[in-house]
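Contents: one structure, followed by commentary.
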Amino acid sequence: MAPAPARTAPAVSARGIGRRFKDRWALRGFDLEVGRGTVHGLLGPNGAGKSTAVRVLTTLLRPHEGTAEVAGYDVAAQGARVRHRIGLVGQNAAVDEVLSGRQNLELFGRLHHLGGRAAARRAAELLDRFGLSDTGKRPVGTYSGGMRRRLDLAAGMILDPPVVFLDEPTTGLDPRGRDEVWSAVRGLVGGGTSVLLTTQYLEEADRLADRISVVDTGHVIAEGTPAELKSRIGGDRIDVVLHDEHALAGAAALVEEATGHSVRTAPEERRISAEVDDRAASLTRAVRALDEGGVAVADVVLRGPSLDEVFLHLTGPRAGTGSPAAARVTGGTAAPEQQDTRQEARR
Amino acid sequence: MNRTAPRPAAPAVPAPAPPSGPLHRLAWAAADGWTVARRDVTHWLRQPWEPLFGLLFPVLMVLMFVYLLGGAMSVPGGGDYTEYLMPGMFAMVMVFGLGETVTAVAADSARGVTDRFRSMPMSASAVVVGRCLADMLRSAAALVVLIGFGSLVGWQWHGSAGAALAGFGLLLLLRFALVWIGVYVGLVMRGQGGIAVIQTLEFPIGFLSNAFVATATMPVWLGAVADWNPMSSTVAAVRGLFGNPAAAGDGWVAQNALLMAVVWPLLLVAVFAPLCVHRYRNLDG
């Protein structure tokens, strides 16, 4: 029998994890360390390997290379012990659509061997904790997306596991549902739970995570606190959209002067983007300069960097359009409303 | 937004100790299997139309074959067509259950429920055992309904009650074997694909047998194929046990129907149960 893990062991520790499907490596040389009681974000586009990493760490997939411990136990050799200590909230809300929320939680409680009475008590506690008490006997099929995800979170918390995995918990939710899930996740952390969260949205990782690992093509390409990463990838940006394409060059010069940063222009969208150091002040200067220059502006937006821009900064502009990163960047994986919610200034 | 903000964590739930011995583990497996099966029972109670229509279908089939087609049917060697038909219909109901198994397994896999089960500290066999329990319950209920309806249209058994019970046992044994095929197909072909395949195959599999007409009336090669259909062995054996007209063929497999009605299902389970376990452990891979 393996010795009990040290009390200070990290929540998740992965070294050199490799996992292939047929002959394609979905993960290769994947390293990760999640400290106890922290939220760690795995940030990356579709197909980067985030879900494969979660499936390996939750014992659903065996790694072909490397080792990983969760809550101090080896995922390959001590799967049963790991499963006692984790909660998994997958990409699709894995709850029964026909049963009510309460019946779902009682079902999962019994499958955690709480016994009928304790399972019912636990279900009531969790419904209360996740704000679902008043859903009554309604089948889950009638819930909103946010309610379903909160129920999904609750189902992952039956035993108050020390480590919880959230695989893209807000994908497909409207802004209101996303806010509901975010506040529920913050509640978990307040209770001392360690969370590994995957997301395609920089803003989500920024809001929730203590540390972020950026994942691309199956391994971590950057790691740090949100502040560290943002200082590496540049800060907020201002987007100016013009009515007239011919005014682009003149306007670009004005924006460049106002922000003190070089601009990127996208002529087909009549858009100028520039980094800003001092948010509102730069915005004001740019708007005033454009106004005084007589440039007709369609839209001005102050926003955080998009995932595309994060990847451009971390991987560099790759040569050719055939590289996976370039294809993804032009494919545009980040939903606009997810990037632009920080602050919008319209003229 | 206050309503949705979680309160401070509730006091930690004492995690039940993992099972200590083989007996304890077996008890957990049984309890987990029953919990999973109860989920299906709750489905039936909350949405009774779907299982009710499932029961209606074989009833309509009986009406069709007895009154619409029955007049044109004659049983080789003589005998009442309704009495000949009903054992075939009983077996047909068992085959139709295959679609229900595949649908349930594929839906859980596609929605991530199977993954959640696999990431939980529950008995690994519980998902399949629960599926099996629920499907057997449902098919047994369908069988009871059809026995009642068969009696209304003039079918009865002529042997002893013991022989009749043995006949129903053989039908459920066939269903038991089909559960494992259904679970395997559902796990391999996630989503709608598996369901379409099974629903397309159910009818040819059911009709390419002795369930509706004697295999002697088919072209020789086709009759041989129908005789070797595992379903034919069950139907022929059940006809014998009920004392219904059998019109059995001359081939070895038709002459040893009772033996084969036991051997076929056990063989299918022996092949598909390990495949299911392997597949469940290595989903994705």
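The values are calculated or read from the model by the stated rules, or taken from the named source; none is laboratory data. Predicted model only: the values in this text are computed from it and were never measured. We place every Cβ from the backbone using ideal geometry, glycine too, and count neighbours over all the protein chains shown.
The figures follow:
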quantity	calculated
Given (1) away from every other protein chain (no Cβ under 14 Å); (2) under 30 Å from residue A:102 (Cβ atoms), number of the condition residue B:57 does not satisfy	(2)
Test set (1) touching a strand residue (DSSP E or B) at 6+ places or on another chain (Cβ under 7 Å); (2) modelled with pLDDT of 90 or more - residue A:132 fails condition number	(1)
Some residue of the stretch A:146-163 being more than 16 Å from residue A:104 (Cβ to Cβ), among the β-branched types (Val, Ile, Thr) and under 16 Å from the mean Cα position of the chain (by Cα)	no
Residue within the stretch B:207-227 that is assigned to a helix (DSSP H, G or I), in contact (Cβ under 8 Å) with a residue 24 or more places away in the chain, within 22 Å of residue B:167 (Cα to Cα) and of a type in the set (A, V, I, L, M, F, W, C) present	no
Those residues of the stretch B:189-206 which are surrounded by 18 or more Cβ atoms within 10 Å (Cβ to Cβ), over 14 Å from the mean Cα position of the chain (by Cα) and part of a helix (DSSP H, G or I), in sequence order	B:194, B:195
Selection status of residue A:14, in a strand (DSSP E or B), at pLDDT below 95 and not polar (S, T, N, Q)	no
Residue within the stretch A:176-189 that is touching a residue at least 40 places away in the same chain (Cβ under 8 Å) and on the phi > 0 side of the Ramachandran plot present	no
Yes/no for residue B:170 being touching a Phe, Trp or Tyr at 6+ places or on another chain (Cβ under 9 Å), assigned to a helix (DSSP H, G or I) and at pLDDT 90 or above	no
Residue count for the stretch A:49-69, restricted to those that are crowded, with 24+ Cβ neighbours inside 10 Å, away from chain B (no Cβ under 11 Å) and closer than 22 Å to residue A:36 by Cβ	2
One residue from B:98, B:137, B:85, B:52 being crowded, with 21+ Cβ neighbours inside 10 Å and under 30 Å from residue A:97 (Cα atoms)	B:98
Tabulated pairs, the stretch A:29-42, first in contact (Cβ under 8 Å) with a residue 12 or more places away in the chain and of a type in the set (Lys, Arg), second assigned to a strand (DSSP E or B) and buried (at least 16 other Cβ atoms within 10 Å of the Cβ), C-beta under 8 angstrom, 6+ apart or interchain	A:36/A:194
Any hit, the stretch A:51-61, residues being without any contact (Cβ under 8 Å) to a residue 12 or more places away in the chain, of a type in the set (Gly, Ala, Ser) and farther than 19 Å from residue A:15 by Cβ	no
Close pairs from the stretch A:88-103: first closer than 14 Å to residue A:147 by Cβ and at the interface with chain B (Cβ under 8 Å from one of its Cβ atoms), partner buried (at least 24 other Cβ atoms within 10 Å of the Cβ) and acidic (Asp, Glu), Cβ under 8 Å, at least 6 apart	A:93/A:152; A:95/A:152
Strands (runs of 3 or more DSSP E) lying entirely in the stretch A:190-296 (those with 1 or more residues that are within 17 Å of the chain's Cα centre (by Cα))	A:194-199, A:211-216, A:219-224
Selection from the stretch A:259-290 of residues that are out of contact with any strand residue (DSSP E or B) (no Cβ under 8 Å at 6 or more places or on another chain) and more than 20 Å from residue A:233 (Cα to Cα)	A:267, A:268, A:281, A:284, A:285, A:288, A:289
Selection status of residue A:153, out of contact with any Pro (no Cβ under 7 Å at 6 or more places or on another chain), within 12 Å of residue B:116 (Cα to Cα) and of a type in the set (A, V, I, L, M, F, W, C)	yes
Yes/no for residue A:16 being farther than 25 Å from residue B:117 by Cα and either over 22 Å from the mean Cα position of the chain (by Cα) or among the small types (Gly, Ala, Ser) (or both)	yes
Residue within the stretch A:166-180 that is within 11 Å of chain B (Cβ to nearest Cβ) and under 25 Å from residue A:59 (Cα atoms) present	yes
Test result for residue A:240, at pLDDT 90 or above, surrounded by 17 or more Cβ atoms within 10 Å (Cβ to Cβ), more than 30 Å from residue A:18 (Cα to Cα) and touching a helix residue (DSSP H, G or I) at 6+ places or on another chain (Cβ under 8 Å)	yes
Verdict on residue A:174 being under 16 Å from the mean Cα position of the chain (by Cα), surrounded by fewer than 17 Cβ atoms within 10 Å (Cβ to Cβ) and among the charged types (D, E, K, R)	yes
Yes/no for residue B:241 being farther than 23 Å from residue B:201 by Cβ, surrounded by 17 or more Cβ atoms within 10 Å (Cβ to Cβ) and among the aliphatic types (A, V, I, L, M)	yes
Residue match in the stretch B:93-108 (condition: β-branched (Val, Ile, Thr), touching a helix residue (DSSP H, G or I) at 6+ places or on another chain (Cβ under 9 Å) and facing chain A (nearest Cβ under 7 Å))	no
Given (1) over 19 Å from the mean Cα position of the chain (by Cα); (2) under 27 Å from residue B:223 (Cα atoms), number of the condition residue B:88 does not satisfy	(1)
